[in-house]
Amino acid sequence: MKRYEKLFINGDWVEAHGKGFTTLVNPATEEAFAEVINADQDDLNRAVAAAKAAFTTWSQTTSDERAEYIRKLQKALEARKEELAVAMSQSMGCPIKWARIIQVNCVSAFAKFADRTKEMDVVKEVNNSLVVREPVGVCAFITPWNYPLYQLIGKVAPALAAGCTMVLKPASITPLQDIIFAECVKEIGLPAGVFNLITGKGGELGDALVTHPDVDMVSFTGSTNTGARIQRLAADTIKRVCLELGGKSPLIITEDAPLADAVRGGVRDVLINSGQTCVCQTRMLVPRSRYEEATVLAKKFVDEMPVGPTDSEETDIGPLSSMAQRETVLKYIQIGLDEGAKLVTGGLERPEGCEKGAYVKPTIFRDVNNKMTIAQEEIFGPVIAMIPYDTLEEAIEIANDSKYGLSSGVWAANKEEGLKIARRIRAGQCYVNGGDFNYDAPLGGYKQSGNGREWGDFGIHEFFEIKSIQL
Ligand code: NAD
């Protein structure tokens, strides 16, 4: 079994002070395949000290210098794309054919932040003042396991572009792409201390990281509960806190939408990555007049997506990312049944041919009303709630009746009609008639889905302070 014993601190792989290891388990096979060192508080302090020391010079580099490093990093990552796809497929169960696309495509967006270093050169004259942008300082990054490389790039790339230094702590079950990234950092000679990686458990390292007096900003992606705790803990030292949290996003299908396209798009949106996509639209709102037809279509489209081994090119749907996540999802399916929702397809049994592993049958519920637990809580599994509605006003009301506001979708007769509805949904994103994901557009939540914006030009705004200089 491969053992990763070192941490990346101050530009090098160093012995850890922490003694324990996290065992990585392939959720498709339940086989352990690697062990990764758990950092302790002493390691964390060393990483923060390195980032603090590096800030003095890194923050003074020119935008061109930082752009050059970012371009080199992207090239180094491009060369290791297949390795990255395999690492993520093994550790969190994304089928390899999809890992090569949805888990790794984000590498191409990395270099965009080379151009965005220029955002830091923007100076505004206001009467006798110059308003300038300066990097926020030492950043602590905490990332989840569902799109681990995407989360890394969404934070690290804009922070580098802005001139910040950083300590990254990935989810304990998915640290491999972060380790590969740190190897790239070393290979291209990024100045020591700008990027530091500590591996280990969030429950053990999290509090110390987000309360550390030398950390200026925390950017966290994960569950709303953990995000709320981080915000509370970071309050004592008035850190900037950017939270990218959970979701329970609606998809409104209108009366005159192309129903098959809409249902197919909705089903695939949720089932790819086994429902572990923060922005996926897990509440499908369908006009009552087309409800029966929609449920038949939904089952048909689920049946078209093979569930199976992650290393097969045939497989569309893999396991959940861990056996613990499988238990959580099964618990929600049971709650759905107990609360009176009916199965269109799926349920509590294992998918055929998947006797081992964290597999759950792709599950569609019908006769769901929006007050049910399965319509209100984020399940983070391959589960869709089909909710009937009578009028468009009611559909919009149901869509907005959620503590979350991360994403949303609309399928209407045409883009113009879809756009009108999109503007009425309280969420940070809306996908109209199957619009594509866009790395140059900001992503972030309303309400309890968070307060940050990542990606695009807005992504770098999290990472600068504004100073006004009076002349
Ligand atoms: P999680 O909150 O359990 O863990 C996220 C990270 O926080 C991990 O690195 C974990 O080790 C760390 N952590 C755990 N306890 C901590 C603590 N007390 N202090 C500090 N850090 C701690 O979330 P998860 O289950 O890994 O991820 C799934 C969640 O992430 C879902 O709710 C999903 O919607 C959300 N998510 C949101 C976005 C977004 O952009 N809004 C993107 C992806 C995932």
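The values are calculated or read from the model by the stated rules, or taken from the named source; none is laboratory data. Please read these numbers as outputs of a predicted model, since none were measured by experiment. In this analysis, Cβ positions are derived from the backbone assuming ideal geometry, glycine residues included, and neighbour counts consider all displayed protein chains. Remember, those area values only see protein heavy atoms, side chains included, never the ligands or the DNA or RNA. Shrake-Rupley method; radii C 1.70, N 1.55, O 1.52, S 1.80 Å.
Relative protection proxy for 162-173, 248-259, from highest mean packing down: 162-173, 248-259 (other beta-carbon atoms within 10 angstrom). Working note: Cα atoms of the stretch 250-442, range along each principal axis, descending, whole Å: 46, 39, 30.
In this structure, Glu394 and Glu31 have a Cβ-Cβ separation that, at R0 = 56 Å, corresponds to a calculated FRET efficiency of about 0.70. R0 = 56 Å: FRET efficiency of Thr23 with Gln60, Cβ-based, nearest 0.05? Efficiency at R0 = 56 Å is approximately 0.85.
Using a simple spin-label model with pseudo-atoms 7 Å out from Cα toward Cβ, Asn225 and Ser289 lie 4.3 nm apart. Each part reduced to its alpha carbon centroid, the stretch 77-139 and the stretch 205-228 end up 20 Å apart. In this simple spin-label model, placing a label point 7 Å from the Cα along the Cα-to-Cβ direction at both Asn369 and Asp436 gives a separation of 4.2 nm.
Once backbone amide H atoms are built at 1.01 Å from N, Ile317 has Val307, Gly308 as its partners under 5 Å, excluding neighbours fewer than 5 places away on the same chain.
The peptide list 120-127, 292-299, 347-354, 178-185, put in order of mean Cβ contacts within 10 Å with the highest first, becomes 178-185, 292-299, 347-354, 120-127. Modelled spin-label separation between Asp256 and Glu314, with each label point placed 7 Å from Cα along the Cα-to-Cβ direction: 4.3 nm. Near Gly452, the amide H atoms lying under 5 Å from its own belong to Leu243, Gly445; only residues 5 or more places off or on other chains count, and H is placed 1.01 Å from N. Shown for the chain are the DSSP H helices of 20 Å or more along their axis, judged by Cα atoms, with a mean Kyte-Doolittle hydropathy of at least -1.0: 41-58, 148-162, 323-338. Mean silhouette area of the chain, derived from the convex hull of its C-alpha atoms and averaged over all directions, reads 22.3 nm².
When the C-alpha to C-alpha distance is required to be over 26 Å, the pairs from Lys248/Lys361; Lys155/Lys186; Lys97/Lys415 that qualify are Lys97/Lys415. Relative contact order, whole percent, for the chain stands at 18, derived from Cα pairs under 8 Å and 6 or more residues apart. A 1.4 Å probe over all protein chains sorts Asp269, Asp311 by accessible area into Asp311, Asp269, starting with the largest. Listed peptides 109-118, 29-38 appear in the order 109-118, 29-38 once ranked by packing, highest mean of other Cβ atoms within 10 Å at the front. Amide H to amide H, with H built 1.01 Å from N, Val344 comes under 5 Å of Ile364, Phe365, Arg366, counting only residues 5 or more places away or on other chains. Computed from the Cβ-Cβ distance with R0 of 60 Å, the FRET efficiency linking Glu349 to Val123 stands at 0.45. Potential lengthening of the chain between Ala413 and Ala235 amounts to 59.4 nm, from the contour at 0.36 nm per residue minus the alpha-carbon distance. With only the Cα atoms considered, the stretch 205-260 has a convex hull volume of 109 Å³ per residue.
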